Amino acid sequence: TNKTPQFKYPKGPERWHENYPLAKGDKQSPIEINSKDVKHDSSLSSWHASYDPGAAKTILNNGRTCRVVFDDTFDRSVLRGGPLTGAYRLRQLHLHWGSSDDHGSEHVIDGVKYAAELHMVHWNPKHGNFAGALKQPDGVAVVGIFLKVGNTPKPEMKRILEEIDNIKTKGKEAPFQHFDPSILFPKSRDYWTYHGSFTTPPCEECITWILLREPIEVSADQMAKLRSLSKNPENEPVIPLVDNWRPPQPVKGRIVRASFK
Ligand SMILES: CN(C)c1nnc([C@H](N)S(N)(=O)=O)s1
Ligand SMILES: [Zn+2]
C-alpha cells in the first residue's frame with residue numbers, strides 16, 4: 001500500500017505545477033528506469049568524490065527530510081568525472097523514505113522501489129553561486145544511493161541515524177562534524193545517468209543525476225529510526241515524517257545512459 005507521498009507544500013505532487021510551472025516540464029525527476037531502455041555508454045568515465053570530513057557542519061530536520069549541510073564556500077568537498085565536466089561542490093545530503101520497507105525511493109529501477117534513497121547534492125561553481133547554478137542545465141549534480149533493508153547494515157549509516165534523536169521535530173538542528181559521506185558509497189561505482197530536476201518544488205531542471213546501481217544495506221531498526229522523525233514542530237501534534245518521495249515523472253524521450261554493460 002503505497003500511501004500518497006506527503007509533502008510540506010499545501011498541495012500534493014499532482015498540483016505542484018499550479019504554483020511551480022516547472023513541475024510539468026519535459027525533464028522532471030524522479031523517473032522509472034527500465035534496463036531494456038538504458039543505453040550503455042562506453043565513453044562514460046568513472047566518477048570520483050574527494051570529500052573533506054571537516055566540511056560537514058550540521059544535521060537538520062526541515063519538516064520534509066533530514067539533511068546534512070556542508071561548507072561549500074570553496075572547492076573543499078567535490079565530485080568529478082562520470083558525466084560531469086569540472087568539479088561540483090558538495091552542498092548537502094538528505095534522504096527520502098516510505099512508511100514501510102516496500103517503498104520509499106524516488107527513482108524506481110525495473111519496477112523495484114527501494115526502502116529509501118539518499119541524495120548528495122553538488123553544484124557547479126562556474127555559475128558563481130548555488131542560486132545561479134539552479135538556473136543552468138549543468139548547474140547541479142546529485143548522486144543517488146538506494147537503501148535496502150538487509151542483515152549486514154552499513155555501520156556508516158549509524159552516524160546519521162544516531163543524530164535522529166536530536167532532530168526529532170521540524171526546525172531542530174544539531175552539530176554534525178567530522179563526517180565523510182563517501183563512506184556511504186557501495187563497493188561498485190556502476191551508475192545510470194540522465195538529465196532531470198529537483199524532486200521538490202520549484203523542480204528546476206538543472207540536475208545531472210548519477211544513480212548508483214548497487215544499493216547499500218540498512219537494518220530494519222535503522223529504517224524505523226528514520227520513520228521516527230516528525231514533520232511537526234516541537235509541542236505540536238505529531239505527524240510522522242514518512243513518504244517524502246515524489247512519484248516517477250514522464251521520461252519524455254530522455255535517454256538514460258549506463259556506465260556498465
Ligand atoms: C535547493 N535544494 C538544495 C534542493 N531542492 N530540492 C531538493 C530535493 N530534496 S532533491 N530530491 O534533491 O531534488 S534539494
Ligand atoms: Zn532528494
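Tabulated values for the structure
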{"quantity": "Pair list, Cβ < 7 Å and 6+ apart or interchain, from segment 102-124 residues that are over 26 Å from GLY139 (Cβ atoms) to residues that are in a strand (DSSP E or B) and away from ligand 2 (no atom under 11 Å from the Cβ)", "calculated": "TYR114/PHE146; TYR114/LEU147; TYR114/LYS148; ALA115/LEU147; ALA115/LYS148; ALA115/VAL149"}
{"quantity": "Tally, over segment 230-255, of residues that are under 29 Å from GLY139 (Cβ atoms) and either among the hydrophobic types (A, V, I, L, M, F, W, C) or at pLDDT below 95 (or both)", "calculated": "4"}
{"quantity": "ILE210 vs. criteria closer than 30 Å to LYS11 by Cα and part of a helix (DSSP H, G or I)", "calculated": "no"}
{"quantity": "Whichever residue in segment 186-201 is within 20 Å of LEU95 (Cβ to Cβ) and of a type in the set (Val, Ile, Thr) and, among such residues, is nearest to the chain's Cα centre (by Cα)", "calculated": "THR199"}
{"quantity": "Any strands (runs of 3 or more DSSP E) falling wholly within segment 115-175 and containing at least 3 residues that are away from ligand 2 (no atom under 16 Å from the Cβ) and modelled with pLDDT of 95 or more", "calculated": "173-175"}
{"quantity": "Residue, farthest from the chain's Cα centre (by Cα), within segment 72-99, restricted to residues that are within 16 Å of ligand 1 (Cβ to nearest atom) and in a loop (DSSP other than H, G, I, E, B)", "calculated": "THR73"}
{"quantity": "Number of the exception - GLN28 against (1) in a loop (DSSP other than H, G, I, E, B); (2) of a type outside the set (Val, Ile, Thr); (3) in contact with a strand residue (DSSP E or B) (Cβ under 6 Å, 6 or more places away or on another chain)", "calculated": "(3)"}
{"quantity": "Residue check for SER45: touching a strand residue (DSSP E or B) at 6+ places or on another chain (Cβ under 6 Å) and more than 17 Å from VAL140 (Cβ to Cβ)", "calculated": "yes"}
{"quantity": "Top-ranked residue in segment 186-199 [being part of a loop (DSSP other than H, G, I, E, B) and crowded, with 19+ Cβ neighbours inside 10 Å; ranked as farthest from ligand 2 (Cβ to nearest atom)]", "calculated": "SER197"}
{"quantity": "Unique residue being in a loop (DSSP other than H, G, I, E, B) and either within 16 Å of ligand 2 (Cβ to nearest atom) or touching a strand residue (DSSP E or B) at 6+ places or on another chain (Cβ under 6 Å) (or both) when the list is VAL251, VAL238", "calculated": "VAL238"}
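The values are calculated or read from the model by the stated rules, or taken from the named source; none is laboratory data. These figures come from a predicted structure and were not determined experimentally. All Cβ positions, glycine included, derive from the backbone under ideal geometry; neighbour counts span all protein chains shown.
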